[in-house]
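Below is one structure; the comments refer to it alone.
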Amino acid sequence: MTVLTPAPPRTASPAPAVALTLGSMSLVQVGLAASTSFFDRLTPAGTTWLRLSWAAVILLIVVRPKPWRHSPRDLAGVAALGAVSAGMTLLFAEAASRLPIAAAVAIGFLGPLGVGVMRRAGKWGLLWPPVAFGGVVLLTEPWHGPVNVPGLAFAVANAFCWAGYVLLTQKVADKVPGLSGLAMSMTVSALVATAVGASQALPRMDFRDLYLGAALALLIPVLPYAMEMLALRRIAVGAFGTLLSLEPAIALVIGWVALHQVPAVWQFTGIGLVTIAAIGAARAGRRGTGVG
């Protein structure tokens, strides 16, 4: 889950920014992989609620947003972003509890890829959707038996939410400076997730879950957002968006190492196709977007 805000090109060496961006994506995937260990006990929705609640608390304390300084229209955009972010996070958790994490990320990535194609510059933008679709087919390997239909449905719904998140993030970033929009939207996300996940998690939680939930919130989204903001001070948004296209590949590696989800040869090829399509869409897009 990544927030992109417009940034001017920088003359400094891009190496630190590349390291920060790769580190941010790696933390996101490690955080997602770590979250799966809570799914059996707290449920995917309950785990998501715990993580979003801690993230909101941390950001409210650090950022101290002042909502009364913004217009009702801007606050409505923040609220919409928070609701879509909650949907995206909840749906991804449900997908990741049923599918390999790399497949869930790759299918979800079709959302921001679609936004990039809609904003394409030239006819080559039409090439990327079928390339990405072919990658998803290879990832899910339907010829090896029945596909987990609920998991696939959650992942596709997540893709739509991810696309909405991209569009709303840009609007909020234009209207609400700094991290105030993030802090307020994260609070809305936590409230939305409370309606779905709190009743599932609270009866099963103990004190250990509370501090582990705080650690998960630092892994995703608190630290990644901070790292991305530092990266965006050194490189242009277009280059940053291209780097983000590596996220499905990073998810495959993390899923392999942390969750022992060993990919088949076809799945390696599928991740490659999704990554190529994402890079193509990012380069064709007219403006940087956020994904997550």
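Some points to look at:
- Computed magnitude of the charge dipole of the chain (debye, nearest 20; Cβ of K, R +1, Cβ of D, E -1): 960
- FRET efficiency, Trp143 to Trp256 (Cβ-Cβ, R0 30 Å, nearest 0.05): 0.85
- Only one residue of Gly77, Pro112, Leu52 has its Cα farthest out toward the positive end of the dipole of the stretch 15-284, where Lys and Arg carry +1 and Asp and Glu -1 on Cβ, and that residue is Gly77.
- Interchain or long-range residues, amide H under 5 Å from Leu99's placed H: none
- For the chain, hydrophobic long helices are taken as DSSP H runs at least 15 Å long by C-alpha position along their axis with mean Kyte-Doolittle hydropathy of -0.5 or more; these are 15-35, 44-63, 72-96, 128-140, 149-175, 180-193, 207-217, 247-259, 265-284.
- Using distinct alpha-carbon pairs, which all enter the 1/r mean, Kirkwood radius of the stretch 121-222 in Å: 17.6
- Take every pair of alpha-carbon atoms less than 8 Å apart whose residues are at least six positions apart; their mean separation over the length of the chain yields a relative contact order of 44 percent.
- The candidate values were [x] 1.29; [y] 0.95; [z] 1.02; the one computed from these coordinates for Cα Rg over 2.2 N^0.38 Å carries the label [y].
Taken together, the values in this text are just the output of simple stated rules run on the coordinates, not laboratory data. All values reported here derive from a predicted model rather than from experimental measurement. Backbone-built Cβ (ideal geometry, glycine too); neighbour counts: all protein chains shown.
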